[in-house]
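Written below as structure tokens is the structure these notes are about.
The values are calculated or read from the model by the stated rules, or taken from the named source; none is laboratory data. Note that the coordinates shown come from a computational prediction; the quantities given were computed from them, not determined experimentally. FYI the Cβ positions are ideal-geometry reconstructions off the backbone, even for glycines, and counts take in every protein chain you see. Areas reflect the complete protein model, heavy atoms only, side chains present, ligands, DNA and RNA absent. Shrake-Rupley method; radii C 1.70, N 1.55, O 1.52, S 1.80 Å.
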Amino acid sequence: MKGNRHASRIWKGAMINKKSISLRVSLTNRCNMRCNYCRPLGQGNTRFPNGELSPDAWVERICLIRQAIPLEKVRFTGGEPLLYSAVVDVVAGCADLGIEELALTTNALRLPRYAKALKEAGLKRVNISLDSLNPETFRKINGSKLEEVLAGIEAAREAGLAIKLNTVVQRDSNFWELTELLEYAASKQLHIRFLEMMPIGPAAKDFDRLYVPGDEIREQLERIAGLEAIPYETGETSRDYRAKLENGTETLCGFILPTSTPFCDGCRRLRLDSHGRLYGCLAQPDTFPLNDAFESAGVGDLIPLKSRVATALSIKKRTQKFTEQAAMIDIGG
């Protein structure tokens, strides 16, 4: 009984809308790109001593978390989640659990292979990184071929998946391309979001030189488009606008501004990495190992899992300043 009361007290201190919690699940920290804001130079793909989790194990963990909290949204991340060979099985298993919204963040390189199967398994949306439309700039930022990403976007469109494009804005490379990226999104009728850099992982070293605040990003886009605000829901990461371009096209355009305009109030996101660690806040170094809590929950004792999840939620809003944190490839985007 003491444990139940303790978990209840922590939960009440979390100050979160319990009806709309979102979990981001990093299926693997392996990646086939090397984005300069995500993956440190010299870091190879991490080996898992006992192999990566099976799809059944992932679905069981998500099911257990769903018993601990009112979970409505799951987004699969990495690394690159499409390098996890059983990704379709995990999506299908979560769809069978009745989770309302299933999404996936990807670099799109493997979408021509997986998009149709993911849609059939129950995936609703993909978030795709697109940092440049210039092949040389793209290679500089992401270390890969632009044409392969564009092919992945087309595969997702053909499969009927909803798409959101994400652009991480950097002063020395793609800042002057933002209008072209908006035009591209409008021509394809795709939602695009522009992200401020965060001073974590490899991005911390050059943050002062590369960071572009949200006001400058918006000013750049307003050269070619009128931006009509869409009502903002507290806790959402993106502040969205309807962009009406001078060429007559329009689309949804969002700004994710964790540095200049934090969205800590009402934040309802948790991250579970590929090693079983739970992250409650990207601005905090705290992590909560869950492997033993999953074992307990698997035999009917949910108290350790509920307590750690509630504690992860309770660290939000403690500060809006970033502290030293691992690279996003390890945390999960």
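Quick notes on this structure:
- Modelled this way, with points 7 Å down the Cα-to-C-beta line, the labels at Tyr232 and Glu154 are 3.8 nm from one another.
- All-pairs alpha carbon distance profile, segment 107-151, 10 Å steps from 0, percent: 28, 46, 22, 5
- About the centre of its Cα atoms, segment 108-158 shows a dipole size close to 220 debye [charges on the beta carbon of Lys, Arg (+1) and Asp, Glu (-1) only; nearest 20 debye].
- Accessible area (Å², per residue) of segment 89-198, counting only protein heavy atoms and a probe of 1.4 Å: 38
- Working note: Cα atoms of the chain, range along each principal axis, descending, whole Å: 64, 40, 38.
- Share, in percent, of DSSP beta bridges within the chain that are antiparallel, nearest 5: 35
- Longest site-free stretch - the chain; sites: trypsin sites (Lys or Arg not before Pro), DSSP loop, at most 10 other Cβ within 10 Å: 48-222
- Highest-fluctuation residue, Ile230, Ile192, Ile163 considered, GNM on the chain with Cα pairs under 10 Å: Ile230
- Residue (of Gly276, Ile329, Leu257) at the positive-pole extreme of the chain, dipole from beta-carbon charges: Gly276
- Here the contact order of the chain, divided by its residue count and restricted to Cα pairs under 8 Å and six or more residues apart, works out to 22 percent.
- Bins of 5 Å, starting at 0 and running to the largest distance - Cα pair percent for segment 159-205: 5, 18, 25, 21, 13, 11, 6, 1
- Kyte-Doolittle at least 0.5, axis length at least 18 Å by Cα - qualifying DSSP helices, the chain: none
- Cα pair count fraction exceeding 15 Å, expressed as % - segment 223-274: 56
- For segment 70-177, radius of gyration divided by Kirkwood radius, i.e. Rg to Rh on alpha-carbons: 1.01
- Stretching Trp176 away from Gln189 to a fully extended chain increases their span by 2.5 nm, per 0.36 nm per residue minus the current alpha-carbon distance.
- Cα pair count fraction exceeding 19 Å, expressed as % - segment 68-131: 25
- Top positive-direction residue, dipole computed over the chain with Cβ charges, set Ser187, Pro135, Ile230: Ile230
- Distant alpha-carbon pairs in segment 137-278 (separation over 26 angstrom), percent: 30
- Each Cα pair under 8 Å and six or more residues apart adds its sequence gap; the mean of these over the residue count of segment 198-282 is a relative contact order of 21 percent.
- Calculated mean residue ellipticity, 222 nm, the chain: -10000 deg cm²/dmol, from DSSP H runs (n ≥ 4) at -39500 (n - 2.57) each, averaged per residue and rounded to 500.
- Partnerless cysteines, meaning none of the other Cys C-beta atoms lie under 4.7 Å away, in the chain: Cys31, Cys63, Cys94, Cys253, Cys264, Cys267, Cys281
- About the centre of its Cα atoms, segment 105-225 shows a dipole size close to 640 debye [charges on the beta carbon of Lys, Arg (+1) and Asp, Glu (-1) only; nearest 20 debye].
- Accessible area of segment 215-333 belonging to carbon and sulfur atoms, whole % at 1.4 Å probe: 46
- Estimated dipole of the chain in Debye, rounded to 20 [Cβ of Lys and Arg +1, of Asp and Glu -1, Cα centre]: 1080
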